[in-house]
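Undergrad: My questions all concern the structure below.
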Amino acid sequence: MLRLGPVHVVVVAGSPALREAIAAWLGGVKRVRIVRTAASAKDLDGQRIECDLVVASGLEGSRELRAIGKRIGSQAGLVALTLGTTPLPAGWAGVRPGASRTHVLDHARAHPERNLAASGAVLSALAVATAAAVAAFLYVPRFGVSFERAALAYAERYPDTSVWWHVWGSGGPLLASSSWPLIKGAALTGLGPAAFVLLAALAGAVLGIALQALVLRAGARRSALALSLVVVIGPALWVWPRGGDVGSLVGLTGVVLALAGSVTRNLRVLATALAVAVSSFGGVLWMAAAVVAAIASAVRSRQRRRATFAGVVFGVLASAAVTLPPVAARGLEGLRPSLARTPAASDLVPVLATVAVVLVVLARGRLRVPALGVAAALLVAGNALALVVPVHAPEPSRIPTSGAFGRLAVHPAEALAIVTSNPDVPTTGDEVPAEIMVGAGGRTETNALLERLGADRARTPDRTSAIIFNERDWAVLDRDRLLFAAPIIRPILTAGITPTVLLIADEADARVFGEAMAAVGAATERLITVWSPRPVDELDLDFLQEFTMVAVYGRPWTSAGRASDLLQRYLDGSGFILMDIASRPGSQILGMPDAVNLQRSADEYRVVEEVKDDALPLVTLAAGADGRVVAMDQWRYRDDAAWELATVRVGTERVLQFGATKVAGEALAAHMLWSGLDLPARAAAGDEAARDQLERAIQWMLTDAAMQLTGPYGRPAGTVCPPGAADPRPAAGAEAVTCADVLDNATATSIFQSPTRWRVRLKVATTHLLFKERFHPEWRAYQVEQRVGGSESTTPLPIRPTVDGHMYVTLPPNARIVDFVFERHPLEAASRGVSAVATFVLLAISFFLWRRR
């Protein structure tokens with residue numbers, strides 16, 4: 001008598017109506033599974049039947065019952081529904097109509113082969129999982145350089161933050177990828193770099209077990225274990241994690257699970273949803289592949305199609321919290337795989353190894369031999385290629401941190417390796433060209449560029465470049481590590497009074513202008529360039545007057561009339577304008593004559609300037625400029641005859657014009673430089689004459705603006721606070737910070753609380769904050785007012801991007817405390833809600849279906 005577990009029943013009856021009635025009657029018991037119905041013993045021939053009970057009725061005499069008994073043997077209970085008028089063959093038990101279902105089911109016998117098969121499947125799965133774990137620890141190095149390994153190191157260093165933060169480059173509030181939740185979970189194990197190997201082992205084990213289930217579904221029972229082991233033991237499967245990408249292996253696992261899940265019946269919705277959800281950790285592309293695989297496996301059955309479509313929908317909704325945050329943080333960039341290298345042909349090897357096994361299983365008839373040959377070739381070639389793929393697995397090199405307020409300048413090829421080993425050391429990335437770090441850049445350009453990134457130290461790639469840096473006033477900190485201290489530094493978060501330039505240009509022109517500012521040596525301790533992506537005609541006078549001077553580069557206006565009116569009023573208020581139309585001819589603003597193209601050699605230019613004895617000349621471009629330029633006829637601001645101070649001309653046309661005049665009797669004059677030479681592009685390209693002229697023009701305006709600079713800003717210390725030192729962090733009961741988390745100077749105290757929260761306490765009134773982290777729309781700046789009783793109120797402050805991609809905030813006069821906070825995108829909270837609801841509904845439906853069965 002079978003008391004526990006499902007009872008597998010075969011119903012044999014001559015009448016279709018009777019068969020359906022018996023099957024429905026017995027199927028009303030939840031633990032009963034009707035595995036087959038047949039009209040006679042002949043219908044059972046040639047079929048592999050594993051059942052616990054056979055129920056027969058309405059057959060043609062004892063001969064049919066003997067044939068069934070011979071076919072089934074003693075492996076199952078045999079019950080005949082009969083009135084008892086005819087003797088039954090040996091082994092059959094007669095049950096009269098009207099007997100209870102329990103009485104009939106009491107004759108069931110547990111099928112020995114089915115129980116053995118279940119035990120064998122479990123043992124096979126354990127064998128595959130063990131083999132996968134061993135292979136992972138053999139093939140996947142403990143240390144390595146990759147995007148996901150850096151994310152793992154970061155997650156362990158900052159366990160309280162849920163946002164992945166690029167600590168190389170100027171920062172960036174980017175969720176690592178869809179694999180971030182897995183990496184965050186692996187970091188909780190506290191195993192360090194070994195957690196990455198463990199994560200790869202788990203993914204490989206699940207993939208191997210799913211592949212075994214897929215092979216069993218295809219009917220290859222005897223070879224299922226061997227084929228699964230061939231995949232998980234071979235090096236081909238481990239190409240991705242060996243290169244530092246475990247997310248793609250998880251994505252492939254989800255696809256195989258989607259194919260293997262088609263073997264399920266009652267829980268098909270749950271199995272499909274689970275497969276889609278697992279694949280989502282590999283990214284949107286892997287999730288799409290799992291969706292296609294699941295739908296393709298169910299096209300033949302209408303009932304299966306409905307269950308599969310439902311599972312796909314629930315899987316996509318349940319994985320919203322995984323797939324949407326990267327897109328919300330990075331836009332379409334969030335769809336890209338989390339690879340820190342260019343994809344290679346070897347990245348196809350794991351897919352080819354999996355496909356080879358599927359070919360072996362599915363091959364039938366005449367195609368079997370060619371399919372086996374193709375599969376063998378794929379496996380051999382894939383494993384051979386996997387063995388020759390180089391793996392960069394250096395031992396970690398620890399570099400002492402100088403704290404959160406300094407950035408380590410490194411060669412871009414070394415940045416990821418340093419960050420992976422030193423997650424608490426902010427590091428430069430691709431924004432520093434390789435030639436700068438090997439010493440090919442000029443002294444002024446190099447020092448200004450690295451200062452603008454907040455670099456307080458540099459690690460040179462070799463001793464030759466180390467000598468060059470040392471000759472440029474970079475002090476030696478560690479000869480063995482080739483570590484140097486910067487001669488000038490404005491740390492990552494500072495408050496101060498510094499001249500500012502508002503650059504109005506489109507994005508491409510803004511990048512060129514930023515490169516030009518680096519070429520002229522415009523360090524942020526002396527000049528900050530803030531970028532407005534909006535055109536001139538969409539701005540207002542109050543906004544322009546927040547800055548020391550305004551640079552108009554290119555043709556950044558949509559309405560010439562509104563742009564002219566705004567700049568006219570700005571000049572009337574003693575404004576400073578640097579206008580370079582980037583050698584683009586056409587109509588202009590401010591009533592200027594049309595700009596026309598000129599193609600002249602340098603010897604055709606002439607300089608017209610009257611230089612006073614005690615003054616520097618405004619025009620340094622005495623030799624002119626080769627190539628195409630644009631020029632205009634003479635223009636005077638408000639027809640002031642004294643407006644034009646210096647020009648570079650070709651004939652009577654101006655290619656460069658300096659102008660200044662007193663406005664409304666005020667002592668401070670309006671200043672303006674108009675250029676058709678495209679000085680920023682020439683300076684960025686290395687034209688020394690253009691660089692000198694651009695630098696002289698900026699110097700002329702800033703000198704006349706006569707601003708008092710704030711400084712010095714201090715240098716990050718990176719040392720631990722002595723015992724008893726006061727904790728400057730405002731939160732009550734907060735964990736004590738180290739001196740590396742605090743930057744203190746005469747203007748303000750800046751405090752690093754976490755990668756997504758910084759605080760500045762101002763000591764004196766100042767004009768702005770400069771935060772040298774990557775600008776992102778989800779950053780918020782708040783003016784904090786502390787009330788009696790300890791409560792705080794906040795007022796939002798606008799954050800504006802600089803030309804370097806950093807953040808600039810203009811401070812109101814009464815500002816005393818300012819917080820920078822990175823807030824999660826609203827879509828992220830919505831995605832978590834969608835995932836939670838979808839998961840709850842999915843589990844409820846699955847439980848209902850399971851109970852009903």
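The values are calculated or read from the model by the stated rules, or taken from the named source; none is laboratory data. Note that this is a predicted model, so its numbers are computed, not measured. In this analysis, Cβ positions are derived from the backbone assuming ideal geometry, glycine residues included, and neighbour counts consider all displayed protein chains. Just so you know, the surface numbers come from the protein's heavy atoms only, side chains and all, with ligands and any DNA or RNA stripped out. Shrake-Rupley method; radii C 1.70, N 1.55, O 1.52, S 1.80 Å.
Undergrad: Given the conditions (1) within 23 Å of residue 677 (Cβ to Cβ); (2) surrounded by 14 or more Cβ atoms within 10 Å (Cβ to Cβ), which single one is not true for residue 606?
TA: The number of the failed condition is (2).
Undergrad: List pairs: first residue in region 191-213 and more than 15 Å from residue 278 (Cβ to Cβ) and open to solvent by 10 Å² or more (accessible area, probe 1.4 Å), second residue basic (Lys, Arg) and modelled with pLDDT under 90 anywhere in the structure, Cβ distance under 6 angstrom, at least six positions apart or on different chains.
TA: Going by the 6 Å Cβ cut-off, the qualifying pairs are 193/142; 194/142.
Undergrad: Say we look at region 577-603 and pick out the residues that are assigned to a strand (DSSP E or B) and over 21 Å from residue 559 (Cα atoms); which of these is farthest from the chain's Cα centre (by Cα)?
TA: That would be 600.
Undergrad: Can you go through 673, 677 and tell me which one is among the aliphatic types (A, V, I, L, M), crowded, with 18+ Cβ neighbours inside 10 Å and assigned to a strand (DSSP E or B)?
TA: Criteria check complete, one pass: 673.
Undergrad: Go through region 658-668 and give me each residue that's at pLDDT below 90 and surrounded by 17 or more Cβ atoms within 10 Å (Cβ to Cβ).
TA: 661, 663
Undergrad: Still on this model: State whether one or more residues within region 643-657 are hydrophobic (A, V, I, L, M, F, W, C), part of a loop (DSSP other than H, G, I, E, B) and open to solvent by 20 Å² or more (accessible area, probe 1.4 Å).
TA: No, region 643-657 has no match at all.
Undergrad: Another question about this same structure. Quick check: anything in region 33-45 part of a strand (DSSP E or B) and open to solvent by less than 60 Å² (accessible area, probe 1.4 Å)?
TA: There is at least one residue in region 33-45 that is part of a strand (DSSP E or B) and open to solvent by less than 60 Å² (accessible area, probe 1.4 Å).
Undergrad: Another one. May I ask you to say which residue of 270, 237 is in contact with a Ser or Thr (Cβ under 9 Å, 6 or more places away or on another chain), surrounded by fewer than 24 Cβ atoms within 10 Å (Cβ to Cβ) and touching a residue at least 60 places away in the same chain (Cβ under 8 Å)?
TA: Result: 270 is the single residue among 270, 237 that is in contact with a Ser or Thr (Cβ under 9 Å, 6 or more places away or on another chain), surrounded by fewer than 24 Cβ atoms within 10 Å (Cβ to Cβ) and touching a residue at least 60 places away in the same chain (Cβ under 8 Å).
Undergrad: In region 688-715, which residues are part of a loop (DSSP other than H, G, I, E, B) and either at pLDDT 90 or above or surrounded by fewer than 22 Cβ atoms within 10 Å (Cβ to Cβ) (or both)?
TA: Matches in region 688-715: 706, 707, 708, 709, 710, 711, 712, 714, 715.
Undergrad: What number of residues within region 468-523 satisfy the criterion of being without any contact (Cβ under 8 Å) to a residue 24 or more places away in the chain, open to solvent by 40 Å² or more (accessible area, probe 1.4 Å), under 22 Å from residue 427 (Cα atoms) and of a type in the set (A, V, I, L, M)?
TA: The total comes to 3.
Undergrad: Name the pairs: first residue in region 79-100 and outside any strand (DSSP E or B) and at pLDDT below 80, second residue open to solvent by 90 Å² or more (accessible area, probe 1.4 Å) and not polar (S, T, N, Q), Cβ to Cβ under 7 Å, at least 6 apart or on different chains?
TA: 83/96; 84/96
Undergrad: Within region 781-835, which residues are exposed (fewer than 14 other Cβ atoms within 10 Å of the Cβ), of a type in the set (Gly, Ala, Ser) and not in a strand (DSSP E or B)?
TA: Within region 781-835, 789, 790, 791, 829, 833 meet the criteria.
Undergrad: Could you check how many residues of region 438-457 are assigned to a helix (DSSP H, G or I) and either modelled with pLDDT of 95 or more or not charged (D, E, K, R) (or both)?
TA: Residues meeting the conditions: 6.
Undergrad: Continuing with the same structure: Mind listing just one residue for me: the one in region 811-831 that is charged (D, E, K, R) and either out of contact with any Leu (no Cβ under 9 Å at 6 or more places or on another chain) or without any contact (Cβ under 8 Å) to a residue 12 or more places away in the chain (or both) and, of those, farthest from residue 276 (Cα to Cα)?
TA: Only one residue tops the list, namely 819.
Undergrad: Which residue is most open to solvent (accessible area, probe 1.4 Å), if the candidates are limited to region 318-347 and must be part of a helix (DSSP H, G or I), over 19 Å from residue 163 (Cα atoms) and at pLDDT below 80?
TA: Filtering region 318-347 for residues that are part of a helix (DSSP H, G or I), over 19 Å from residue 163 (Cα atoms) and at pLDDT below 80, the one most open to solvent (accessible area, probe 1.4 Å) comes out as 345.
Undergrad: Just to be sure before I move on: is residue 48 open to solvent by 50 Å² or more (accessible area, probe 1.4 Å), over 17 Å from residue 106 (Cα atoms) and modelled with pLDDT under 80 in the structure I sent?
TA: yes
Undergrad: Residue 354 passes all but one of (1) more than 24 Å from the chain's Cα centre (by Cα); (2) modelled with pLDDT of 75 or more; (3) surrounded by 15 or more Cβ atoms within 10 Å (Cβ to Cβ); (4) farther than 30 Å from residue 846 by Cβ; which number fails?
TA: Only one criterion in (1) more than 24 Å from the chain's Cα centre (by Cα); (2) modelled with pLDDT of 75 or more; (3) surrounded by 15 or more Cβ atoms within 10 Å (Cβ to Cβ); (4) farther than 30 Å from residue 846 by Cβ is unmet by residue 354, namely (4).
Undergrad: If a residue must be under 21 Å from residue 697 (Cα atoms), under 37 Å from the mean Cα position of the chain (by Cα) and not hydrophobic (A, V, I, L, M, F, W, C), how many such residues does region 549-568 contain?
TA: 4
Undergrad: Here's something else I'd like to know. Output the residues belonging to region 482-534 that are within 15 Å of residue 452 (Cα to Cα), in a strand (DSSP E or B) and touching a helix residue (DSSP H, G or I) at 6+ places or on another chain (Cβ under 7 Å).
TA: 529, 531
Undergrad: Return the only residue of 374, 438, 432, 389 being under 20 Å from residue 806 (Cα atoms) and surrounded by 15 or more Cβ atoms within 10 Å (Cβ to Cβ).
TA: 432
Undergrad: Could you grab me the full set of residues in region 539-559 that are farther than 30 Å from residue 488 by Cβ, in contact with a helix residue (DSSP H, G or I) (Cβ under 8 Å, 6 or more places away or on another chain) and not in a loop (DSSP other than H, G, I, E, B)?
TA: Answer for region 539-559, where residues must be farther than 30 Å from residue 488 by Cβ, in contact with a helix residue (DSSP H, G or I) (Cβ under 8 Å, 6 or more places away or on another chain) and not in a loop (DSSP other than H, G, I, E, B): just 541.
Undergrad: Return the only residue of 627, 575 being at pLDDT below 95, among the small types (Gly, Ala, Ser) and exposed (fewer than 15 other Cβ atoms within 10 Å of the Cβ).
TA: Being at pLDDT below 95, among the small types (Gly, Ala, Ser) and exposed (fewer than 15 other Cβ atoms within 10 Å of the Cβ) holds for just one of 627, 575, which is 627.
Undergrad: With at pLDDT below 90, open to solvent by 40 Å² or more (accessible area, probe 1.4 Å) and of a type in the set (Gly, Ala, Ser) as the only criterion, which of 381, 417 stands out?
TA: 381
Undergrad: Working only within region 175-190, note down all residues that are at pLDDT below 90, crowded, with 21+ Cβ neighbours inside 10 Å and small (Gly, Ala, Ser).
TA: Hits for region 175-190 are 176, 177, 178, 179.
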